[in-house]
1. Rounded to whole Å, give me the distance from the Cα center of the range A:50-82 to that of the range B:462-529.
2. Highest first, please rank the peptides B:111-119, A:54-62 by the mean number of other Cβ atoms sitting within 10 Å of their residues.
3. Compute the length gained on full extension between B:N309 and B:K596: take 0.36 nm times their separation in residues and subtract their Cα-Cα distance, giving the result in nm to one decimal.
4. Would you be so kind as to identify which of B:F665, B:S184, C:N87 lies farthest towards the positive end of the dipole of the protein assembly as shown, taking Lys and Arg as +1 and Asp and Glu as -1 on Cβ and the Cα centre as origin?
5. Partner chain Cβ atoms within 10 Å, averaged over the residues of B:466-476 - can you pull that number for me?
6. Hey, if you put +1 on the Cβ of every Lys and Arg and -1 on every Asp and Glu Cβ in the protein assembly as shown, which of B:L361, B:T746, C:H227 ends up farthest toward the positive end of that dipole?
7. Calculate, for B:K494 and B:D464, the FRET efficiency according to 1/(1 + (r/R0)^6) with r their C-beta to C-beta distance and R0 45 Å; round to the nearest 0.05.
8. Report the Cα-based extents of the range B:350-435 along its three principal axes, largest first, to the nearest Å.
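No lab work stands behind these numbers, since they all come straight from the coordinates. Remember, it's a predicted structure, so these values are computed and weren't measured experimentally. No Cβ is skipped: glycine too gets one built from the backbone with ideal geometry, and neighbour counts run over all protein chains shown.
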Amino acid sequence: MDRRQFFKLCACGATTSAISALGLMPGTAMAAPREYKLLRAKETRNNCCYCSVGCGLLMYSNGSNGKNAEQAIFHIEGDADHPVNRGALCPKGAGLVDYVNSPNRNHFPEVREPGSNEWKRISWNEAFSRIARLMKDDRDENLIEKNSDGTTVNRWLSTGMMTSSAQPNEGGFITHKFARSLGLVAIDTIARN
Amino acid sequence: MTNHWIDIKNANVVVIMGGNAAEAHPVGFGWVTEAMEHNNAKLVVVDPRFNRSAALADCYAPLRSGTDIAFLLGLCRYLIETKQVNYDYVKAYTNASYIVRDDFEFNEGLFSGFDDKSRTYDKETWYYELDEDGYAKVDDTYEHPRCVWNLLKNHVDRYDFKTVSDITGTPVEDYEKVCALIGSTHVHNKAATFLYALGWTHHTKGAQNIRSMALVQLLLGNIGVLGGGVNALRGHSNVQGATDMGLLCQNLPGYLKLPNDNDTDLATYLGNYTPKALRPGQTNYWSNYPKFFISQMKSFWGENATAANNFGYDWLPKWDLQYDYTKHIDMMYHGQVNGYFVQGVNAINSMPNRNKTLAALCKLKYLVVMDPLATETSVFWKKAGEYNNVDPSDIQTQVFRLPTTLFAEEEGCIVNSGRWMQWHWKGANPPGESKPDAEILSGIMMQLRELYKAEGGVLPEPIDAVKWDYHNPHTPHGEEVAKELNGIDLKTGKQLDSFSQLKDDGSTSCGCWIYSGSWTEQGNMMARRDNSDTSGKGITPGWAFSWPANRRVLYNRASCDVNGKPWDPSRVIVEWTNGKWHGIDVGDFNMKLSPKESAHPFIMQPEGVGRFFALKMLAEGPFPEHYEPMETPIGTNPLHPNVISNPAVRMLPGVAETLGSHKEFPYVCTTYSLTEHFNFWTIHCRLAAISMPETFVELDEILAAEKGINNGDWVKVSSKRGSLLTKALVTKRLQPLKVNGQMVHTVGLPRHGGYNGLTRRSSSCNVLTTEVGDANTQAPEYKAFLVDITKAEGV
Amino acid sequence: MSAQDIILSSGTSELTPAAQVRRKLSKVAKLFDATKCSGCKACQVSCSEWNDLRAPVGSFQGSYQNPMDLSSECWTLMKYNEIEQDNKLRWNFTHSACMHCADPACLTACSTKGAIVQRANGVVDFESDKCTGCGYCVSACPFNVPRLDPIDQKAYKCSMCSDRLQVGQEPACVKSCVTGALKYGTREDMLFIADLRIKELHKQGFTKAGLYSPEGVGGTGMMMILHDVSQPENYGLPADPKTSVPVKLWQDVVKPLGTAGILATVAVACLHRITVGRNIVEEDEPAAFDHTHSDKSDKE
């Protein structure tokens, strides 16, 4: 033990003992662990949105799910009943709560006008009307009804679509119907990549 | 996956090759450790990098990226040579004895029928010899020189240990160990499973990588058995569902085909896709194609699909070319595309050749981005220093950014790679005004319908006819669509029990035949939560719904011999006893028929057997063959110097000039995922950003020393297509390999860089990658391309 | 587990014993099997998630390890070591968190009453609201685990998720572990499992495999199975951790005197406070901790 260590030791004893003696210590709370944070929180079952292992999740949100509470998810952990993950989650899944609550979530429909350097918030109605207008103009001009052999082909190549592989099947089916009924051929998913 | 995640625990040997399960599918990898702990399984990892899967492997072998086919064909040769073949299985359930046409040839790297100019094959000769009834001829004595077995033996004979090692760089000693371990599963009471993902698909010969493995599994008799199979671990949470939903340029839901220009009318179309049996008495399940298709048309067009209008067949668009995204971005780049929707994909980071994609997006009239996150794609028009060096005033694209919900804020079904359709529930409202994708597209669709009604226009009929009869057409409910996908008997209005009830007369409606049974009159089968596994083999029939027909292990008929006796009494899936079929899983065959009456196990094939010889299925040949990556570090193919790389690769005009040579770019670069991140999504997740805040490039110590690069230094990595700055991670986990007499160094680049998230700003690896892709799938080459690396000064 | 279930408490002597009811509660333990770990960081992330910790986003420093060190906002950290042995490469992963020593040096060193406790189940827990920030637990820990928070100047470390334990759940890190490298249960069960596993490893040829639960600290509540227990340095672990000399002296000599001497040392204490000031641990601390976790993204 060198002098420095000895000094540290004395200082330690002195300061803390002194503070105790002067009554500066926090009150009488005994050593209770932190309150278990999920008591009575609403629990919802889901599946991880990242990879295709499809791990079961338990999502916890505050509020009773009553009509006056706005649920917000504050914790996500693995579903121990799920036969594949049996409660476990990888680091991505374990951090899902920060994905759901990312500060980089989009909140409102926005448009960036040609040549502009900024976003402008618009209503859903405006978004739907403007997009539909652009699509119709392009489709009416460029839809190919027959090929050079005279076969009906009804394809629209000047608009395309890169579709999501994280949305549920039901959204996927709506996407498919949307695309094919308009004549879109150039649709693809990230499945290739 | 032919099998499913839990089934990995039944394996005796687990081979991770073309994937990195410990990092990309960590929880799935938990079943590998389960097999090692409780089934005494051995783990084999073959990868260019000693990764986190390799860290737990019993046997790790390095190989040069892009040489998997040579590795696996050498393994086939070894198995045949050492007689480590499951002969009973091969004889009963493969096309080994089938006779191939006598004009089929393979010479100096090319199969018969190649056309140099179009880079395509006339596949006429890649077929069986047929008898007068149209059935394939077979030779059960295996003496015919052109029976598949002899052709295969001859084809793989060139891949001896030395040749393989010379191509792959895998030391012979390591290679022998891998071969011996995998070969040990040729016996009836052992099985090996192969786990792969993007490490095999991200190549110019990705489909053939997987084919090569399938050859190995057929030789060993490992398909259709517990603990075996061909197991694509897949990528996104619902990429299986997205492909089931046919969200590809040439597909319809349920792996039906979008018609092309040759399918001039409905009858022709059905004729082209309804195969005839190639052997007597086979199930040939695709013979039901018309039932699946007509029922789907009823779900597309509802009452507007009638026999009189061919069930709306003409309203479907027909393709003349494969308009995958590479092709379409190329068209965009050439000014031929006006509008583009990007839904839940960060296209500018994910698609190959970032600089070209950026230039292409700048030429659009409008771009609609639907995403929960503020992706780089949505701000492609905004300058972000060197990461996105553009001038917004030059870019005339109108960009809409529409906020979508994510998984926690919506209900519905996603399908995991084990084909489990799992239902999930909404836990909270989305932020702000976000909407589910289905609502957004419905909003646009309803607006289009009104516009066409008001103004008329070109081909308004399908827009009017498309079945959108949801309770509220603006907000289709997940349950409504799920029931539509399952299918309904239009006469009784009842949900169907299974696809066996589908009709081709318009009396049934079914969005996706393979999903039939997922929402029956009994309710939502996907929401079931009985996790009991009474057999102890990991079959949980009461958990969710596994398509097709709640079957957990595909081709499970192959787990028994022809008489219905399980090959391995400790590995029973189905079994014929006391005049009946019994089993722990739904049989992948007609369980009402006796073994004598029932057909061969591969019921989706018109001949009912597994194919060593793939007929006309693939673009570059009925057998796999080693071709170098388009950018090869050795500049030749040691097997056939005149055919260096995949001859059937699609080369869009101008792309050849963007490929680099090994003289200018001497090092192989490979890209991959890290455990801590999921593509570019988690750069927006703080916890993930903390656990891995910045990307880097991994390189071996010898290369680092040669280049004067120290661990942590800034380096510049460049390909013919672009360059990026990143930091170096100098590691023992990469080693130079001796290939064709030279040392080849590999550098590794994670695929997680972005500049709009919570991680440190960085370039994404697609600045370097090429859009040249697999000849069949067009999956881009992300795993083997050439770069140079130098120390960056003054960063 | 409630306030009574404490068997050791800092800042007390035999004259003022800690509450000692329900000592029959089983000892629990965490078992980390390094031979089964895939280095995925699920334990690290779920620890931060459960305990509401967010360290600053760092930068690449030449390793997969991130953050670079434990901190008041990072109680579990995966560490990575590339080791070459017998011409074979091994990538060692270490689950680095509080070892929950049976004879905890931190508790011994701490003179603030009840700021560090050992619960009847063996868990060593910090009662941070009582912590005065002297930093002696930080210096005393032979595993270099506790850290002072640069803002509130209190010491923090893994609590083995005592809030989860009290409702009968396993720690968050253990629940998330994908390969089963982390296990939780009674200490007896963990020793039994470890014994079986080590025998198995010996059979597989890892003849030096063994259990790391060093005697110098009385054994640990987080035990580790290592491929080669003779070289714990390969996992970034100390070979022979011990309670250090000054800490032992504190425990054995000064503390018994302490109670009687409290008032006598007040003057010294005041002097110290005036002349020296607060004891600052000589460590590189991250510059800016963002306790609100508010994000300033580059979102447009």
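1. 28 Å
2. A:54-62, B:111-119
3. Length gained, B:N309 through B:K596: 99.0 nm.
4. It is C:N87.
5. Other-chain Cβ atoms within 10 Å of each residue's Cβ, averaged: 2.
6. Checked the options; the winner is C:H227.
7. Between B:K494 and B:D464 the formula returns 0.95.
8. Largest to smallest, the principal-axis extents are 45, 32, 24 Å.
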